[in-house]
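The structure follows.
The values are calculated or read from the model by the stated rules, or taken from the named source; none is laboratory data. None of the values given here were measured: they were computed from a predicted structure. Cβ: placed from backbone, ideal geometry, glycine included. Neighbour counts: every protein chain shown. In case anyone asks, the SASA skips ligands and DNA or RNA and just uses the protein heavy atoms, side chains included. Shrake-Rupley method; radii C 1.70, N 1.55, O 1.52, S 1.80 Å.
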Amino acid sequence: MQILDTDTTNYYQGAGAWAGTEAWISVSTASLPDWSYTAPDWTSGRTYRIVVKCRDAANNWQTVFDTHTFTFDNEGPLSGITNPDNGDLLPDLTSIDGTAADTPAGVDKIEIMLIKVSGTTEYWTGTTFSTTTTWVVYDVSNGNSISWSYTTLPDWNAEGDNDYRVKVRGVDILGNTGNETSWINFTVDVTEP
């Protein structure tokens with residue numbers, strides 16, 4: 001078996017080592033026709049090619065090799081909030097906006113945690129506030145770099161004057177969840193002077 005990191009053109013040498021020298025790794029044949037090999041530590045975002053060839057008891061090598069190429073991705077999107085700004089004092093808020101980027105898989109959804117912090121902490125569910133910790137799921141157009149705008153927000157007038165916090169995280173199409181953003185703190189003041 002041969003494993004090539006096509007991005008660096010390094011071959012897996014076994015025992016965790018990679019080098020530019022082409023290498024073939026022997027695998028156990030104790031359980032033929034099935035066999036397995038403990039995978040090396042893959043690097044997210046890199047493309048790998050695995051080539052397998054076999055030899056019979058008469059020392060004849062397979063002439064057509066079995067080749068598989070794949071890209072490994074175990075990291076979630078990088079997300080950010082562009083609206084509101086931290087510390088904003090607002091009479092209304094019509095959308096929470098942001099960006100997200102993920103390669104190679106692409107962004108699938110944004111998870112938003114919006115909490116009301118005046119009095120008892122309550123979490124926005126997409127329709128009402130609840131004391132149950134909630135991430136609201138917002139499906140977005142798949143893409144490697146996107147801008148998004150979430151508009152299913154509370155009736156600020158019905159909620160009255162309150163302090164709020166919001167943070168987000170992205171999820172890619174493979175289900176990898178990215179890191180949460182920092183909290184954005186803002187106040188909605190709907191009371192006239």
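Considering only residues that are open to solvent by 30 Å² or more (accessible area, probe 1.4 Å) and in contact with an Asp or Glu (Cβ under 8 Å, 6 or more places away or on another chain), look in the stretch 76-89 and name the one that is nearest to residue 47 (Cα to Cα).
78
Next up: For residues that are within 27 Å of residue 103 (Cβ to Cβ) and either open to solvent by less than 90 Å² (accessible area, probe 1.4 Å) or more than 28 Å from the chain's Cα centre (by Cα) (or both), tally how many sit in the stretch 31-53.
Residues in the stretch 31-53 being within 27 Å of residue 103 (Cβ to Cβ) and either open to solvent by less than 90 Å² (accessible area, probe 1.4 Å) or more than 28 Å from the chain's Cα centre (by Cα) (or both): 12 in total.
Any residue in the stretch 52-60 that is part of a strand (DSSP E or B), under 28 Å from residue 145 (Cα atoms) and either hydroxyl-bearing (Ser, Thr, Tyr) or touching an Asp or Glu at 6+ places or on another chain (Cβ under 9 Å) (or both)?
no
What is the one condition in (1) out of contact with any Gly (no Cβ under 9 Å at 6 or more places or on another chain); (2) at pLDDT 95 or above that residue 111 does not satisfy?
Every listed condition holds for residue 111 apart from (1).
How many of the residues making up the stretch 111-137 are under 18 Å from residue 156 (Cα atoms), among the aliphatic types (A, V, I, L, M), in a strand (DSSP E or B) and in contact with an Asp or Glu (Cβ under 9 Å, 6 or more places away or on another chain)?
3
Quick one: how many residues across the stretch 1-30 are open to solvent by less than 70 Å² (accessible area, probe 1.4 Å) and either among the hydroxyl-bearing types (Ser, Thr, Tyr) or touching a His at 6+ places or on another chain (Cβ under 8 Å) (or both)? If you could, list the steps in order and put the result at the bottom.
Going through the stretch 1-30, the residues open to solvent by less than 70 Å² (accessible area, probe 1.4 Å) turn out to be 1-6, 8, 10-12, 14, 16-17, 19-20, 23, 25, 27.
Those still in the list that are either among the hydroxyl-bearing types (Ser, Thr, Tyr) or touching a His at 6+ places or on another chain (Cβ under 8 Å) (or both) too: 6, 8, 11-12.
Result for the stretch 1-30: 4.
Among the numbered conditions (1) open to solvent by less than 70 Å² (accessible area, probe 1.4 Å); (2) more than 18 Å from residue 182 (Cα to Cα); (3) without any contact (Cβ under 8 Å) to a residue 60 or more places away in the chain; (4) not acidic (Asp, Glu), tell me where residue 148 comes up short.
Result: residue 148 passes all but (2).
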